[in-house]
Every structure is written in C-alpha cells, then in structure tokens.
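Chemist: Structure incoming, see below.
Read the figures in this text as sums done on the coordinates, not as results from a lab. Keep in mind it's a predicted model, so treat the numbers as computed, not measured. Using ideal geometry, Cβ is built from the backbone for each residue, glycine included, and neighbour counts are taken over all protein chains shown.
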Amino acid sequence: MAVIIDGKKLAEKIYAEVALETAKLPRRPCLAAVLVGDDPASHIYVRNKEGDCKKCGIESRRYDLPADTPQERLLALIDELNHDDSVDGILVQLPLPKQIDENAVIQAISPDKDVDAFHPLNVGKMVTGEPVFWPCTPAGIMEMFREYGISLDGKNCVVVGRSNIVGKPMGLLLLRANATVTYCHSHTASLAALTRQADILVVAAGRPGLITGDMIKPGAVVIDVAMNRNPDTGKLTGDVVFDEAEKIASFITPVPGGVGPMTRAMLMKNILHSV
Ligand code: GUN
C-alpha cells in the first residue's frame, strides 16, 4: 500500500515557518486580493486565502468588484496597487468575467508583486532558471517531494494536463530537478502507454476517474492535482481512482488533503518573499 502524502500537515508546518519569518519583519507583509463577480468557488478560495494570511501574520486587503466591472476599471485598480508601497503582493482571483481579458490583467500586475507567478516575465524567468516566484501548485508539489525524500534526478516524470497554472510550470520545475519530462493532454495518443512509464505521475486534467490502477507503474509516485466537485454529492474527487492507485503506487496524494493545502501554503511563502 502506498504512503499517503499528508499535504494538510505539511502545509501547517509551512504556515508556522512563514509566521516565524513575518514576525521578524519591521512591518507585516500585505496581500491585495482582488475578486471580480460572484463565482461561489472563487469567493471560498479568496476567503480561505484571507484566513491563511491571518495565520501567517500577513495583512490581507480584499477588493470586491461587481461582475460587470469594465476591464479599464480593474486595470486602474491594479495600477493603483502596483504603486502602493504598502502592498507587497497582488492576487487577482481567476477566472474573470467574460468582458475581461485575463492575459491583459495578468500582464498589468507588477512582476515583483505577482505572488501567483503568472506574469510572462516570471514565467520566462522560470524557464531560464532565474530566481523567481514559483506558481503555487507546482511549487507545493516540489515541496512534497522534498519532504518525503522523493528523488527526481533522472526519473521519468509524466505530467497529464498542460494548463498555464499547473501542467506547464510543473514540467519546467521537474526538468529543473533533472527529471525526464513527458507532457500528456487531451490530444495525446495512447495515454495509458505513457503513464505506465512514469516513475512520477502528476495528474491535473480535471477529469474524474481518468487514471485507473492499470495505468500506473508499480511503485510510482502519484500526485493528483485535480479537485472535481461531484454535482450530486458535493464531494471533492481527483482524477485518479484512489482505491486502485493506492494499491500500486509507492506514494500518493489524497483529494482533498493533498495538493490543495500545499497550493495555499506556497502562496503564503510567495507573499513573504514579495516583501
Ligand atoms: N483560480 C484558480 N486557481 C487560482 C490561483 O492559483 N490563483 C488565482 N489568482 N486564481 C486562481
């Protein structure tokens, strides 16, 4: 049976470390969290991030804008926050309403306040290996590998999913750690043949039940990033069939309680480093 990677426990350890560091600073770091519209999930995420800030000795300021906010209004707010020296990090919760171009908004955030690490300058620096904020989810997964003594050097890593937030940067961080990286996505032929080669399998496709036990190499490390909410029960599930996978893998992350808490913890680390 696989070791279950406890993301919640590791996240608590990181919160405590961040709190110790913020206590040493002359003033509390400050996050400006911007939420546009009334997507219920986004409201929960932002509320959770505010709670995390509190635990870590970080000030959070929340800016709620109506769903019909014009793009110019949001860009003007970002400009104001970019120039406000009392604000260290800026986070605009995604997704944004249809009338707003997400890329334009991400590019408007000052790269040194971009605690999500979504700005193209920060993405570029990650590609070339310069010190930079790392996107929170892949960074949290790297932290799990470190904590559990999982080595990546020379390993076959397969990343399922190619989003800008998770899949693409995950592959880059694994490459940086000297792994051999394969990206799989919705157009991949023979997904199972590739996942079966993986020493480390990171799945972020958002398709419940996509990865069954027979698609996993015995002894592989399985990281399930997905958070799919069952519309009938409201329960969260990942993309991996957990009961099958835990019998085959050496390490596995649960959903919930695996990657999710680590994403939140790494945001706190990025805010600390934005000071
Ligand atoms: N929406 C879903 N995940 C994220 C995230 O990590 N950051 C932001 N800003 N929005 C999100």
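Chemist: For the stretch 37-92, enumerate the residues that are hydroxyl-bearing (Ser, Thr, Tyr) and either away from the ligand (no atom under 12 Å from the Cβ) or at positive phi (or both). Working first, answer last.
Modeler: Residues of the stretch 37-92 that are hydroxyl-bearing (Ser, Thr, Tyr), as a first pass: 42, 45, 60, 63, 69, 86.
Across the stretch 37-92, the qualifying residues are 60, 63, 69, 86.
Chemist: Right, here's the next one. Here are 215, 170: which of them is touching a Pro at 6+ places or on another chain (Cβ under 6 Å) and under 30 Å from residue 231 (Cα atoms)?
Modeler: When all the criteria are applied, what remains is 170.
Chemist: Return the only residue of 173, 194 being of a type outside the set (Val, Ile, Thr) and over 30 Å from residue 112 (Cβ atoms).
Modeler: The conditions single out 194.
Chemist: Being in contact with a helix residue (DSSP H, G or I) (Cβ under 7 Å, 6 or more places away or on another chain) and more than 30 Å from residue 221 (Cα to Cα) is the requirement here; does residue 40 meet it? Reasoning before the result, please.
Modeler: Working: in contact with a helix residue (DSSP H, G or I) (Cβ under 7 Å, 6 or more places away or on another chain): no; more than 30 Å from residue 221 (Cα to Cα): yes.
No; evaluated as a whole, the condition is false for this residue.
Chemist: Scan the stretch 117-153 for residues that are over 17 Å from the mean Cα position of the chain (by Cα) and in a loop (DSSP other than H, G, I, E, B) and report the count.
Modeler: The total comes to 9.
Chemist: Is it true that some residue in the stretch 93-104 is of a type in the set (A, V, I, L, M, F, W, C), more than 18 Å from the chain's Cα centre (by Cα), within 15 Å of the ligand (Cβ to nearest atom) and more than 22 Å from residue 29 (Cβ to Cβ)?
Modeler: Here is the first cut: in the stretch 93-104, the ones of a type in the set (A, V, I, L, M, F, W, C) are 94, 96, 100, 104.
If we keep only those that are more than 18 Å from the chain's Cα centre (by Cα) as well, we get 100, 104.
Okay, now just the ones that are also within 15 Å of the ligand (Cβ to nearest atom), so 100, 104.
If we keep only those that are more than 22 Å from residue 29 (Cβ to Cβ) too, we end up with 100, 104.
Yes, the conditions are met somewhere in the stretch 93-104.
Chemist: Search the stretch 47-63 for residues that are without any contact (Cβ under 8 Å) to a residue 40 or more places away in the chain and pair each with any residue that is among the small types (Gly, Ala, Ser) and surrounded by fewer than 17 Cβ atoms within 10 Å (Cβ to Cβ) when their beta-carbon atoms are under 8 Å apart and the residues are at least 6 apart or on different chains.
Modeler: So the pair list comes out as 57/19; 57/23.
Chemist: Just for the stretch 225-275: of the residues that are of a type in the set (D, E, K, R) and in contact with a helix residue (DSSP H, G or I) (Cβ under 7 Å, 6 or more places away or on another chain), which one is nearest to the ligand (Cβ to nearest atom)? Let's see the steps before the verdict.
Modeler: As a first pass, look at the stretch 225-275 and keep what is of a type in the set (D, E, K, R): 229, 232, 235, 239, 243-244, 246-247, 264, 269.
Pick out the ones that are also in contact with a helix residue (DSSP H, G or I) (Cβ under 7 Å, 6 or more places away or on another chain) and you get 244, 247, 264, 269.
On the way: 244: 28, 247: 31, 264: 9, 269: 13 Å.
Among them, the one singled out is 264.
Chemist: Which of the residues spanning the stretch 231-241 are surrounded by fewer than 22 Cβ atoms within 10 Å (Cβ to Cβ) and over 30 Å from residue 53 (Cβ atoms)?
Modeler: 231, 232, 233, 241
Chemist: Right, another one. Against the condition in contact with a Leu (Cβ under 6 Å, 6 or more places away or on another chain) and within 21 Å of residue 154 (Cβ to Cβ), how does residue 202 come out, does it pass?
Modeler: no
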